[in-house]
1. What is the distance, in nm, between label points placed 7 Å from the Cα along the Cα-to-Cβ direction at residue 290 and at residue 341?
2. Using a cut-off of 11 Å between beta-carbons, work out the net charge of the residues near residue 118 (Lys and Arg +1, Asp and Glu -1, residue 118 not included).
3. Suppose R0 equals 41 Å; then what is the FRET efficiency for residue 72 and residue 26 from their Cβ-Cβ distance, rounded to the nearest 0.05?
4. Determine, from the Cβ-Cβ distance of residue 355 and residue 4 and an R0 of 30 Å, the FRET efficiency 1/(1 + (r/R0)^6), rounded to the nearest 0.05.
5. Around residue 170, under 9 Å between beta carbons, what's the net of Lys plus Arg minus Asp minus Glu among the other residues?
6. Please work out the FRET efficiency for the pair residue 222 and residue 279, using the Cβ-Cβ distance as r and a Förster radius of 30 Å; give the result to the nearest 0.05.
7. So which lysines pass the test for residue 305, namely a Cα distance under 18 Å, with those fewer than 8 places away in the same chain ruled out?
8. Figure the gain on full extension for residue 195 and residue 159 (residue separation times 0.36 nm, minus the Cα-Cα span) and round it to one decimal in nm.
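Just so it is clear, none of the values below were taken in a lab; they were calculated from the coordinates. Predicted model only: the values in this text are computed from it and were never measured. Don't worry about glycine lacking a Cβ; one is built from the backbone with ideal geometry, like all the others, and counts go over all protein chains shown.
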Amino acid sequence: MQTLAKRVEQIAPFQVMAVMARAKQLQAAGQDVIHLEVGEPDFSAPQAVNEAGIAAISEGKTGYTSATGLPELRQSISEFYLQRYGVDVNSERIVVTPGASGALLLLSSLMAEVGSEVLMPDPCYPCNRHFLLQVGAKARMLECFSENNFEIDLEQLQSEWRDQTTGLWLASPANPTGSVLSQEYIQQAWSIVQQQGGHLLVDEIYQGLVFEGHDFTALSISDDIFVVNSFSKYFAMTGWRLGWIVVPEWAIEGATKLAQNLFISASSVAQYAALRAFEPDVLAECEDRRQTLAKRRITLINGLKRLGLTIASAPQGAFYVYVDVSSITTDAMQWCLDLLQQEYVALTPGADFGHKEAHKYVRFAYTCDCDRIEQALLRIERFMAS
Ligand SMILES: Cc1ncc(COP(=O)(O)O)c(C=O)c1O
């Protein structure tokens, strides 16, 4: 009998899939489901970007590009770092990838030896650990606490580093908590990692979506930090599947070889479309959207407080609020399913993001407009009272 590779068994299906499947059934039966579970705002890509993609198709720009991406796109990304963040990044260090997902897969291959482990916070983006599994490495998640904004304690980072530890992966702003790390924190974490001869990866996919705190790039701290980014979130181009990494000079050759072998190139059409994303009119549109998200964030935070729900960490960025529901349920997943069944509001259970305390939490994504968020809050209030 044919079997699948053993590693597939180690990938747990996302619990939110059960929520989404039920939400679909309810919707098909005519119910008005409010979606606060998806990590994707209700905006499409900016129209000018879409048109640039259509033009690229019409002009036949549909072949492979160079493996590291169109030189002009890498140059635009480099200029963006300089203009917005005051950091000079040689475009040769930028590798364009199929989404941040492609970037994380490539970096897993680039950095993690078979049998090695990478440290990351619990909770964090669930696919990280699965990318590492693909290359025979594993993630070791360090328990983080809401009192600490779900940051890894730096003394713990020091003491938990073992012979087989090769690196630390962080994200700022973070999914699922919306927390933003300070420049000082990343600086200190980097010092520890450097002393150990390890690598530091910072996932900046929610860069630009910072509502409190300082929006910066870890590249301002060191050229030796690996940074991941994407057109998915700030530029609302989720379905175009385009991201990038910035690697240190000494890793360019290795990253290029992997890009050639893993992907040949990222989508050419998406790359031509993304070139348009750095024009002032599109950047202004993205900024307007950020303001829209800022309003939604306040609406949601105020509403959750009104309901007496505990916001687990300072939701300073991305478009998530992580909420502690342990005072009203012992099982956040069941709470999500019951809420969906009774009031047609879909949320993501915390268990998708971590192991330790995750069953206490749910993630709200403020990805629909303020009226819908208010409606969702009313329904949750009614559900809690029932
Ligand atoms: C923290 C984080 N990293 C990476 C990704 C992957 O994004 P994409 O492949 O769409 O660029 C996501 C998606 O939600 C994410 O939240």
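1. Roughly 4.3 nm, to one decimal.
2. +1
3. Efficiency computed from Cβ-Cβ geometry: 0.35.
4. 0.80
5. -2
6. Efficiency computed from Cβ-Cβ geometry: 0.50.
7. Of all the lysines, those that pass the test against residue 305 - Cα under 18 Å, at least 8 places apart if same chain - are 295, 360.
8. Going from the current span to full extension adds 11.7 nm.
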